[in-house]
Structure formats: structure tokens, C-alpha cells
Amino acid sequence: MKFKYKTILVLFATLLAACTKDFQEINTNPNSPETTNTEFLMSEVVLSTAYAYQENAVGRRPASAARYLTLVRNTGYDLFDWGPVDWTDIYARLSVNKTFMETAQKRSENQYVAISKIIKAFNFGYLTDLYGDVPYSQALKSKESNLIYPEYDQQQAIYPDLLKELREANDLLKGGAPDINAKADVMFKGKALQWRKFANSLRLRMLLRISKNYSPAFTEMQEIINDKTNFPIFESSADNAEIPYLGNLAGYSWPGGPLAMIDFDYQKTKVSKELVDRLVQRNDPRLAVWVEPVKSTVGSTVDLNRYVGVPNAIDAPAAYNGGEDHVSVFSSSFFRKNGASSNPLLKASLLTYTELCFILAEAVQKGKLTVPGETAESLYYKGIRESMSSYAVTAPPSYFDQLIVKYDGTQEQLITQKWLAMLFKGAEGWFDQRRTGYPAFVTGPLAAGRGIPKRYVFPDSESAKNKVNYQKAVSAFGADKETTLMWSLK
């Protein structure tokens with residue numbers, strides 16, 4: 001993996017130089033850093049992490065696996081015919097973050113050391129959630145040790161170390177660290193408390209994710225909840241870890257907009273039947289915000305409703321229900337506000353208060369966590385309302401009186417509502433579904449394999465260039481297949 005691990009920093013140095021030119025030209029860009037060195041590296045790695053994570057959420061495999069959309073042209077994602085998936089982009093961000101951390105350490109800037117630890121935990125957490133066992137302890141060390149081909153670490157060893165990084169980050173920021181440059185902080189504008197809330201809320205997400213096989217998970221979650229002075233967490237949507245889009249350039253645009261150059265577009269992407277049917281079934285007010293009605297019900301061959309999603313992995317999806325005019329697409333008026341590739345309500349989200357409400361609700365519902373002043377029911381309703389509020393809609397009281405919505409204490413109900421709320425929020429919809437089995441998706445008659453994929457297959461370059469370590473990892477892992485269960489899922 002010489003290219004992947006040894007030259008990647010050089011490539012990103014070039015990218016950073018190019019970005020510098022853009023930042024100088026766009027004087028009114030609030031996402032642009034106005035300082036250099038550590039602050040510039042922070043801006044770059046935070047921005048690239050958020051935007052790349054959001055791109056995955058909208059137009060990549062996680063969006064198909066979560067059944068939010070249906071592809072009608074390039075159907076490989078939809079059919080789960082994924083094959084090996086490259087991880088260069090994630091390691092590239094981690095390489096820049098490593099430089100950021102080392103620069104901050106040399107300058108004794110503990111505030112930036114803390115932020116780099118949070119970004120490290122987020123990116124490596126996402127990486128291991130996608131693949132399972134991955135190069136971790138030896139990754140990114142080619143420069144100092146000439147280590148070109150790193151060994152793989154097991155997920156059960158990676159996660160505790162990432163949790164430790166997040167705890168250390170929180171401690172550094174509460175211990176009187178110097179101020180964070182507000183102009184260079186593209187996410188929290190220099191507010192150290194917000195970074196602490198992000199670190200601790202991220203710990204809660206990660207602890208729930210591995211709770212099946214990590215025995216201290218709920219104990220550590222309770223420790224956080226019991227001491228909000230030392231472990232502050234998100235308290236409202238104002239605390240969300242997210243970055244807005246400007247919409248003036250492709251790189252600063254919502255991934256589904258006209259300036260965004262990725263796989264997602266309105267000609268080859270339709271709303272999944274899985275999503276539309278569940279929204280219709282609940283008379284959900286988010287339906288009209290997210291989804292456009294069919295152009296005409298006249299000529300429909302299967303479904304005469306105004307909102308019609310396309311099933312996944314079927315033959316001739318472009319012809320479903322009579323064709324283009326008789327199926328729904330994602331709302332261009334919302335996802336492309338006034339024709340631009342931005343909307344104040346659409347942001348690159350790493351973690352939201354809405355998600356945290358559902359995380360806590362699930363843990364409380366299991367009887368594993370106590371949250372002062374809250375019940376699983378109150379947190380469940382709060383999660384729904386926060387999601388709707390973030391899209392500027394309010395559900396009437398009758399919405400919550402519906403039998404399918406009224407809290408019943410089941411995991412299926414809670415996770416299904418969380419899945420709706422996590423529309424295009426990272427890979428959370430997919431990760432929760434593979435962890436819990438909810439919602440129970442229909443994979444479609446043409447889908448490869450049996451069921452929703454559980455992971456990404458390792459990149460081709462690993463079996464070709466890092467063969468010894470790859471084979472060792474696969475031997476311990478079980479099999480390099482999309483259906484193989486990683487440690488957190490076993």
C-alpha cells in the first residue's frame with residue numbers, strides 16, 4: 001500500500017495548496033480560514049470530514065443500504081453488487097489530521113490537540129464501522145518508520161482506544177486550554193464547550209453501537225449522563241455538530257444540488273418505496289418537505305397515490321408505475337433552494353441532538369440507562385419533534401395519537417422513527433438497521449446476496465499490495481464478504 005499510506009500526505013499537501021487559492025479568492029466565504037498553520041489545518045480537516053461524510057450520506061452506498069433512495073440507472077449500489085471499496089479518502093483525511101495533531105503538539109496548543117483527537121475518533125470510528133478490522137495502530141506511520149504495509153487492528157481493540165481519545169479531548173478542553181481561533185473554527189466558531197459536547201455525545205453514539213459486545217458500555221454512558229459538568233452533551237439542536245453549505249461552488253454545495261459533481265442526481269435517483277410508504281402510513285408532515293408528488297396519477301400502473309416510491313432492486317426500475325411522471329423524486333424546492341445548491345436547513349451533519357435523543361431513548365428503553373427528568377417515551381417524542389423542527393415543520397397533536405406513532409415501548413417503533421429522522425444523516429440509518437434489524441427492509445428480487453450488507457469489502461489494493469497483512473486479517477475476521485459480521489455486530 002505504498003501509494004495509500006506513504007504518498008498520501010504529499011497528495012493532500014497539494015490539495016491544501018489548491019484550497020488556499022480558492023479561499024483567497026472567495027473573500028466572503030465564512031467556511032474559509034483566515035489564519036495559517038495549525039488553524040488552517042483544523043479548518044481543512046474539519047470541513048473535509050463533514051462534507052465527505054455528508055456526500056456518503058446522500059449519494060453513496062450508505063444511502064442505498066438505508067433504503068432512502070432507489071437508483072434507476074447506475075444500479076450497482078442498489079443491487080448490493082458493491083465489490084471492494086477504496087478507503088483512500090478516509091486515510092487521506094486522517095493523514096492531514098495527524099499532521100494537524102503533530103503541529104499542535106509541537107506548538108503546545110492543547111485546544112487543537114483536543115480537536116484533532118475528536119476528528120481522529122470520528123474518522124477512524126467511521127472507517128471501522130464500514131469495514132470492521134482495519135489498519136489503525138500502524139497506519140499513517142510510513143514517514144517515521146518506513147512502514148509501508150501496516151497490520152490490521154481488530155475492531156474490539158480500536159474502539160476502546162477511540163473512546164479514550166474522546167475522553168482525553170474533553171479533559172484537555174476543560175482544563176483551561178488556550179482559546180480556539182473562532183475565525184478558523186468552521187463548525188463551532190471557537191466555542192470549546194461545543195467541542196466538549198460533541199466529544200461526549202459522540203462517545204454516547206459509539207458506546208451504544210458496541211454495547212452488545214462491550215460490557216462497560218452502559219456504565220460509561222451512565223457516567224457521562226450523571227456528570228454533565230465534567231461531561232457536557234448536546235442539549236438542543238443549537239449544539240449540533242454540522243456545517244452549512246454556501247452553494248456557490250461544487251465543493252461548498254449540498255451533494256444533491258446542481259453544482260455537486262457526485263453520483264446523486266434527479267435523473268437516476270428516485271425516492272425509495274421503503275421511505276415513501278412509511279411516511280405516507282404515518283401521515284408524516286416531513287413527506288411534503290422531502291418528497292415531490294408524482295407529476296400525474298393518470299397512467300399509473302401500480303400505485304395511484306400522489307406520492308409513490310420506487311422499489312429497490314427490481315427489473316426496469318425506470319418504468320415502474322408507468323415511468324418518470326408516475327414516481328416521486330426528492331423535493332427540488334427543498335434540496336435545491338431557489339435553484340441553488342444550498343438551503344439553510346441543509347447542513348453537513350456529523351452528529352445532531354435529534355440523534356442523541358434517540359440514542360438515549362433506546363438505552364433507557366432497554367433499562368440500561370437513567371436520564372434525569374426523562375423517560376424513554378419523552379426522549380422518543382423529543383427526537384421526533386426535534387427532527388421535524390429542523391425541517392421547519394410541526395406535527396399536529398393527531399400525529400402522535402396515531403397507533404403507529406404513539407409510543408409503545410418497542411424497539412421496532414423507536415428505531416423506525418429514528419431511521420426517518422436520520423434521512424441523509426451520515427450512515428446512521430444503515431448502521432442502525434444492520435444492528436437491530438429495523439426497519440425490516442425488502443431487498444428486492446435482483447439484489448445480490450441475502451439481506452442488507454453488513455460491511456464494505458476491503459480495497460483491491462490490500463489483497464494485491466498488503467497481501468500478508470490482508471490475509472492475516474481475513475483469517476481472523478472470517479471472510480472478506482459484505483455479509484460477514486464485524487465484532488460489534490456478533
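Among the listed residues 459, 439, which satisfies the condition of being surrounded by 14 or more Cβ atoms within 10 Å (Cβ to Cβ), within 27 Å of residue 315 (Cβ to Cβ) and at pLDDT 95 or above? Walk me through it before giving the result.
Numbers: 459 fails: within 27 Å of residue 315 (Cβ to Cβ).
Only one candidate qualifies: 439.
Report, by residue number, each residue of the stretch 189-221 that is open to solvent by 10 Å² or more (accessible area, probe 1.4 Å), part of a loop (DSSP other than H, G, I, E, B) and either without any contact (Cβ under 8 Å) to a residue 40 or more places away in the chain or of a type outside the set (Gly, Ala, Ser) (or both).
To start, the set of residues in the stretch 189-221 that are open to solvent by 10 Å² or more (accessible area, probe 1.4 Å) comprises 189-194, 196-197, 205, 209, 211-216, 218-220.
With the extra rule that they be part of a loop (DSSP other than H, G, I, E, B), the set shrinks to 189-191, 211-216.
Answer for the stretch 189-221, where residues must be open to solvent by 10 Å² or more (accessible area, probe 1.4 Å), part of a loop (DSSP other than H, G, I, E, B) and either without any contact (Cβ under 8 Å) to a residue 40 or more places away in the chain or of a type outside the set (Gly, Ala, Ser) (or both): 189, 190, 191, 212, 213, 214, 215, 216.
For the stretch 51-70: of the residues being hydrophobic (A, V, I, L, M, F, W, C), within 12 Å of the chain's Cα centre (by Cα) and more than 13 Å from residue 97 (Cβ to Cβ), which is modelled with the lowest pLDDT?
Looking only at the stretch 51-70, we keep the residues that are hydrophobic (A, V, I, L, M, F, W, C), and these are 52, 57-58, 63, 65-66, 69.
Cutting the leftovers down to within 12 Å of the chain's Cα centre (by Cα) gives us 52, 57-58, 63, 66.
Keeping just the survivors that are more than 13 Å from residue 97 (Cβ to Cβ) gives 57-58, 63, 66.
Values: 57: 89, 58: 85, 63: 92, 66: 96.
So, considering only residues that are hydrophobic (A, V, I, L, M, F, W, C), within 12 Å of the chain's Cα centre (by Cα) and more than 13 Å from residue 97 (Cβ to Cβ), the one modelled with the lowest pLDDT is 58.
Would it be correct to say that residue 385 is assigned to a helix (DSSP H, G or I) and surrounded by 14 or more Cβ atoms within 10 Å (Cβ to Cβ)?
On the way: assigned to a helix (DSSP H, G or I): yes; surrounded by 14 or more Cβ atoms within 10 Å (Cβ to Cβ): yes.
Here the answer is yes, as residue 385 does meet what is asked.
Kindly indicate which of 417, 411, 365, 402 is more than 18 Å from residue 282 (Cα to Cα) and in contact (Cβ under 8 Å) with a residue 12 or more places away in the chain.
On the way: 417 fails: more than 18 Å from residue 282 (Cα to Cα); 411 fails: more than 18 Å from residue 282 (Cα to Cα); 402 fails: more than 18 Å from residue 282 (Cα to Cα).
Answer to the check: 365.
For the stretch 271-324, which positions are of a type in the set (Phe, Trp, Tyr) and either closer than 29 Å to residue 397 by Cβ or within 26 Å of the chain's Cα centre (by Cα) (or both)?
The initial filter retains those residues of the stretch 271-324 that are of a type in the set (Phe, Trp, Tyr), namely 290, 307, 320.
If the condition is that a residue be of a type in the set (Phe, Trp, Tyr) and either closer than 29 Å to residue 397 by Cβ or within 26 Å of the chain's Cα centre (by Cα) (or both), then 290, 307 are the ones that fit.
Identify, by number, the condition in (1) within 27 Å of residue 490 (Cα to Cα); (2) open to solvent by 10 Å² or more (accessible area, probe 1.4 Å) that residue 132 doesn't meet.
(2)
Is it true that some residue in the stretch 347-357 is open to solvent by 10 Å² or more (accessible area, probe 1.4 Å) and modelled with pLDDT under 95?
yes
In the stretch 273-317, what count of residues is obtained for those that are more than 20 Å from residue 413 (Cβ to Cβ) and open to solvent by less than 30 Å² (accessible area, probe 1.4 Å)?
Number of matching residues: 13.
Among the residues that make up the stretch 158-166, is at least one of them among the β-branched types (Val, Ile, Thr), crowded, with 20+ Cβ neighbours inside 10 Å and under 30 Å from residue 459 (Cβ atoms)? Spell out the reasoning first.
Going through the stretch 158-166, the residues among the β-branched types (Val, Ile, Thr) turn out to be 158.
Keeping just the survivors that are crowded, with 20+ Cβ neighbours inside 10 Å gives 158.
Restricting the remaining residues to those that are under 30 Å from residue 459 (Cβ atoms) gives 158.
Checked the stretch 158-166: at least one residue is among the β-branched types (Val, Ile, Thr), crowded, with 20+ Cβ neighbours inside 10 Å and under 30 Å from residue 459 (Cβ atoms).
Just to be sure, is residue 401 more than 23 Å from residue 242 (Cβ to Cβ), in contact with a Pro (Cβ under 9 Å, 6 or more places away or on another chain) and of a type in the set (Asp, Glu)? Lay out the reasoning, then the answer.
Values: more than 23 Å from residue 242 (Cβ to Cβ): yes; in contact with a Pro (Cβ under 9 Å, 6 or more places away or on another chain): no; of a type in the set (Asp, Glu): yes.
So residue 401 does not fit the description; no.
Could you tell me how many of the residues in the stretch 228-249 are outside any helix (DSSP H, G or I) and either at positive phi or open to solvent by 50 Å² or more (accessible area, probe 1.4 Å) (or both)? Walk me through it before giving the result.
So the first thing to find is which residues in the stretch 228-249 are outside any helix (DSSP H, G or I), and the list is 228-236, 240-249.
Still in the list and also either at positive phi or open to solvent by 50 Å² or more (accessible area, probe 1.4 Å) (or both): 228-230, 235, 244, 246-249.
Total satisfying the criteria: 9.
Which ones in the stretch 414-423 are in a loop (DSSP other than H, G, I, E, B) and surrounded by fewer than 24 Cβ atoms within 10 Å (Cβ to Cβ)?
First, pick out the residues of the stretch 414-423 that are in a loop (DSSP other than H, G, I, E, B): 422-423.
The one that is in a loop (DSSP other than H, G, I, E, B) and surrounded by fewer than 24 Cβ atoms within 10 Å (Cβ to Cβ): 423.
Of all residues in the stretch 60-93, which are open to solvent by 10 Å² or more (accessible area, probe 1.4 Å) and in contact with a Pro (Cβ under 6 Å, 6 or more places away or on another chain)?
Selection gives 72, 84, 86.
Pairs only if they're at least six apart or on different chains, beta carbon under 7 angstrom, first in the stretch 300-320 and β-branched (Val, Ile, Thr), second surrounded by fewer than 16 Cβ atoms within 10 Å (Cβ to Cβ) and part of a loop (DSSP other than H, G, I, E, B); list them, first residue then second.
These pairs meet every condition: 314/445; 314/446.
So residue 144 passes all but one of these: (1) at pLDDT 95 or above; (2) open to solvent by 30 Å² or more (accessible area, probe 1.4 Å). Which condition number does it fail?
Among (1) at pLDDT 95 or above; (2) open to solvent by 30 Å² or more (accessible area, probe 1.4 Å), the lone unmet condition for residue 144 is (1).
Only one residue in 426, 451, 409 is open to solvent by 20 Å² or more (accessible area, probe 1.4 Å), farther than 23 Å from residue 320 by Cβ and of a type in the set (Gly, Ala, Ser), so which one is that? Step through it out loud before you land on a result.
On the way: 426 fails: open to solvent by 20 Å² or more (accessible area, probe 1.4 Å); 451 fails: farther than 23 Å from residue 320 by Cβ.
After applying the criteria, what remains is 409.
For the stretch 467-485, what are the residues that are under 26 Å from the mean Cα position of the chain (by Cα), open to solvent by 40 Å² or more (accessible area, probe 1.4 Å) and of a type in the set (A, V, I, L, M)?
Once the filter is applied, which keeps residues that are under 26 Å from the mean Cα position of the chain (by Cα), open to solvent by 40 Å² or more (accessible area, probe 1.4 Å) and of a type in the set (A, V, I, L, M), the stretch 467-485 yields only 485.
The values are calculated or read from the model by the stated rules, or taken from the named source; none is laboratory data. Computed from a predicted model, the values in this text were never measured in an experiment. Virtual Cβ from ideal backbone geometry, glycine too; neighbours counted across all protein chains shown. The protein model used for the area step is the full one, side chains on, heavy atoms only, and it has no ligands, DNA or RNA in it. Shrake-Rupley method; radii C 1.70, N 1.55, O 1.52, S 1.80 Å.
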